[in-house]
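Report on the structure given below.
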Amino acid sequence: MIESGYDKASTNCIAEQAGISIGSLYHYFPNKEALITALRDRHLNEMMTLIESKLQEHFDQPIDVVVPEIVKASLTAHAINPTLHKVLHEQVPRMSGTQPENEMNQQLRAYLAHQINPIDAEMLDSIVFMLERAIESLTHAAVIDQPDLLQNGRLEHEISQMLLLYLNVTVAQGKGVVAPDTVADNLSRKSVAFVGIGRAGRHETSTQNLLLVISSPQVDSIVA
């Protein structure tokens with residue numbers, strides 16, 4: 001796969017590299033797609049295990065602690081055999097809902113439901129989708145295409161802050177604390193504090209519990 005790519009990796013070549021007959025290969029895998037699916041599931045399982053372990057370890061910790069841990073775990077996971085990951089991600093036909101990914105998403109969903117309580121199912125589905133896709137896309141691109149950006153930890157921090165801001169605004173809007181049409185106006189004032197997401201759905205506006213405080217002259221250009 002790594003040497004020849006997905007299209008050129010025929011079952012005959014795979015059997016030859018493995019030192020077995022083509023008949024023995026077909027005994028375990030009826031076709032190339034089945035073999036690649038098993039390889040992909042094993043690789044994904046290694047990656048998802050790292051991320052799931054962080055969710056389990058920090059299940060009772062607040063979101064502003066857990067999100068950076070998930071981002072860090074995802075970066076570490078994508079660094080597991082990155083060349084193989086690149087081939088699987090870019091050349092192998094996309095298979096929706098692999099078991100390792102589904103299990104990780106269910107655990108992420110359970111954690112968020114525990115922390116943001118109450119939350120309706122539609123909002124929870126949206127948040128899980130956004131977090132999973134954003135973390136996967138950004139960490140994959142960083143590890144595979146721009147590994148130099150990971151040297152000082154800045155990109156890891158910026159990904160975490162972006163996700164925390166998204167969560168903070170989304171949950172605040174869902175609770176009616178911040179009206180959707182006021183978000184851009186508030187950001188453009190350069191100094192804005194959104195209601196914090198606390199433990200087990202505790203939403204307080206005291207200074208000690210604010211999740212994010214943004215104060216930057218660059219915010220205007222971002223909004224624009």
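The values are calculated or read from the model by the stated rules, or taken from the named source; none is laboratory data. Everything quoted here is computed from the prediction, not taken from an experiment. Using ideal geometry, Cβ is built from the backbone for each residue, glycine included, and neighbour counts are taken over all protein chains shown.
Give all pairs with beta carbons closer than 7 Å in which a residue from region 150-173 that is assigned by TED's automatic domain parsing to the domain that holds I119 and under 16 Å from I119 (Cβ atoms) meets a residue that is modelled with pLDDT under 90 and outside any loop (DSSP other than H, G, I, E, B); count only pairs at least 6 apart in sequence or on separate chains.
N168/F194; N168/L212; V169/V183; V169/F194; A172/F194; Q173/P180
Of the conditions (1) under 30 Å from L167 (Cβ atoms); (2) buried (at least 17 other Cβ atoms within 10 Å of the Cβ), T76 fails just one. Which one is it?
(2)
Does V87 satisfy the condition of being touching a Phe, Trp or Tyr at 6+ places or on another chain (Cβ under 7 Å), in contact (Cβ under 8 Å) with a residue 40 or more places away in the chain, surrounded by 17 or more Cβ atoms within 10 Å (Cβ to Cβ) and of a type outside the set (S, T, Y)?
In short, yes.
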